[in-house]
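The values are calculated or read from the model by the stated rules, or taken from the named source; none is laboratory data. Remember, it's a predicted structure, so these values are computed and weren't measured experimentally. Neighbour counts are summed over all protein chains in view; Cβ atoms, including those assigned to glycine, are modelled from backbone coordinates with ideal geometry. When the accessible area is computed, the model is the full protein with side chains, heavy atoms only, and any ligands, DNA or RNA have been set aside. Shrake-Rupley method; radii C 1.70, N 1.55, O 1.52, S 1.80 Å.
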Amino acid sequence: MDKAKRKAIIAGNWKMNKTPKEATALLNAITPLVKDADCEVIACVPYVDLAAAIEATAGTNVKIGAENCHWAESGAFTGEISTGMLKEIGVEYVVLGHSERRQYFGETDETVNKRTKAALAAGLKPIVCVGELLWERECDITEEVIARQIKLDLWDVTEEELKNVVIAYEPVWAIGTGKTATSDQAEEVCAFIRAQLAKLYNQDAADAVTIQYGGSMNDGNADELLSKTNVDGGLIGGASLVAEKFAAIVKAASK
Ligand code: 13P
């Protein structure tokens with residue numbers, strides 16, 4: 001982390017876990033533990049939990065995010081949620097392009113880009129996820145994959161809008177597998193992402209972007225991962241569902 005240049009952000013991605021009542025209970029456990037955090041703290045929760053989560057975190061330093069959004073303002077898109085719907089209830093962040101969305105729900109860089117632009121236009125802050133598959137790493141094309149995702153996912157995003165974008169580097173092989181990237185691997189790709197941003201925008205704009213690492217990050221490895229200059233936070237799956245573990249990661253990012 002380089003807190004002089006950019007904001008450190010720890011975000012939970014709850015995925016398809018917790019009912020609204022369970023969400024309230026978990027956030028009631030988390031909020032007192034993270035109240036003195038010296039980093040941004042976010043919980044990205046299932047759509048139906050959003051209202052309960054916003055209520056449970058009112059007046060605290062915990063921000064709430066959604067796990068996706070559609071690009072259209074309204075219309076015949078059964079099962080989708082618009083940015084306006086999220087904004088109206090007080091959502092601030094939205095996870096976009098998560099590998100599970102890409103893998104199981106057919107999302108492409110094109111749809112991730114449309115969602116990103118729609119989120120920014122609505123005043124939501126997108127957490128745009130990128131990352132290579134194990135096969136792609138083994139074939140030594142990690143940088144090509146990441147460069148392509150960054151360029152396409154942020155296509156037509158202005159330098160001004162980039163200030164509200166968070167990037168999450170999530171190597172797909174490290175998600176939910178217990179297999180964390182080493183801190184050197186995480187740093188290497190996060191630095192590469194920043195170099196790509198500098199090419200697409202400029203160095204100052206790139207230096208100001210928060211780049212998180214995600215993939216089996218937990219209370220045991222957070223310190224080491226966050227010690228790297230270009231790892232500005234974490235997007236946490238499993239460990240974000242346990243208040244003490246999530247709080248310990250927030251503590252690591254608060255140093
Ligand atoms: P895990 O922390 O469970 O590996 O999940 C990471 C992730 O996908 C966060 O978006």
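Counting only C-alpha contacts under 8 Å and six or more residues apart, can you give the relative contact order of region 1-144 as a whole percent? Before the final figure, lay out each step's value.
On the way: 213 pairs, mean separation 26.6, N = 144.
Averaging sequence separation for qualifying contacts and normalising by length gives 18 percent for region 1-144.
For region 69-131, what is the accessible area per residue in Å² when the probe is 1.4 Å? Walk me through the numbers before you get to the answer.
Details: 2880 Å² over 63 residues.
So region 69-131 comes to 46 Å² accessible per residue, rounded to a whole number.
Give me log10 I(q)/I(0) at q = 0.12, 0.16 Å⁻¹ for the chain, Debye formula, one equal scatterer per alpha-carbon, no solvent.
The computed values of log10 I(q)/I(0) come out as -0.63, -1.19.
Name the long-range amide H neighbours of I42: under 5 Å, sequence gap of 5 or more, or other chain; modelled H, no Pro or chain starts.
Hits under the 5 Å cutoff: I10, A11, G12, K63.
Explain nothing, just the number: relative contact order of the chain, from Cα pairs under 8 Å at least 6 residues apart, as a whole percent.
Working: 525 pairs, mean separation 60.5, N = 255.
Contact order relative to length: 24 percent.
By accessible area of protein heavy atoms, probe 1.4 Å, what ranking do M1, M217 get, highest first? Each step should come with its number before you reach the end.
Values: M1 45, M217 5 Å².
From most exposed to least exposed: M1, M217.
Can you find, among V112, A222, A243, the residue farthest towards the positive end of the dipole of the chain? Put +1 on the C-beta of Lys and Arg, -1 on that of Asp and Glu.
My answer, from the dipole projection, is A243.
I need the trypsin sites (Lys or Arg not before Pro) found in region 1-75, filtered to DSSP loop residues with at most 13 other beta carbons within 10 Å of theirs. Intermediate values should be presented prior to the final figure.
On the way: sites: K3, K5, R6, K7, K15, K18, K21, K35, K63; in loops: K3, K5, R6, K7, K15, K18, K35.
Qualifying residues, ordered by number: K3, K35.
Given region 108-186, report the % of alpha carbon pairs whose separation exceeds 21 Å. Walk me through the numbers before you get to the answer.
Numbers: 1013 of 3081 pairs.
When all Cα pairs of region 108-186 are counted, 33 percent exceed 21 Å.
As an exercise, find the ratio Rg/Rh for region 102-235 from alpha-carbon atoms, using the Kirkwood inverse-distance average for Rh. Don't jump to the answer; show the numbers that get you there.
Working: Rg = 14.1 Å, Rh = 14.9 Å.
A ratio of 0.94.
Report the Rg/Rh value for region 1-40, based on alpha-carbon coordinates and the Kirkwood definition of Rh.
Working: Rg = 13.2 Å, Rh = 12.1 Å.
Over the Cα atoms of region 1-40, Rg/Rh equals 1.09.
Under a Cβ-only charge scheme (Lys and Arg +1, Asp and Glu -1), can you give me the dipole magnitude of region 154-200 about the Cα centre, in debye to the nearest 20?
140 debye
Keeping all protein chains in place and using 1.4 angstrom, which order do Y93, Y201, Y104 fall into by accessible surface area, from largest down? Don't skip to the end; give the middle numbers.
Working: Y93 5, Y201 45, Y104 145 Å².
Result of the area sort, largest leading: Y104, Y201, Y93.
Find, among the chymotrypsin sites (Phe, Trp or Tyr not before Pro) in region 142-181, those assigned to loop by DSSP (not H, G, I, E, B) with at most 14 other beta-carbon atoms within 10 angstrom. Before the final figure, lay out each step's value.
On the way: sites: W155, Y169, W173; in loops: W155.
Listed in order of number, the matching sites amount to none.
Within the chain, what whole-number % of the accessible surface is contributed by carbon and sulfur, with the 1.4 Å probe and all protein chains included in the calculation?
On the way: 5960 of 11380 Å².
Here carbon and sulfur together make up 52 percent of the probe-accessible area.
What is the count of Lys pairs in region 1-160 whose alpha carbons sit under 20 Å apart, if the two are 8 or more places apart or on different chains?
23
One-quarter of the Cα convex hull surface for region 1-107, in nm²? Can you show the working numbers first?
Working: hull surface 31.9 nm².
Value for region 1-107: 8.0 nm².
Per residue and in cubic angstrom, what volume does the convex hull of the Cα atoms of region 143-198 have?
Numbers: hull volume 4.9 nm³, N = 56.
With only Cα atoms used, region 143-198 gives 88 Å³ per residue.
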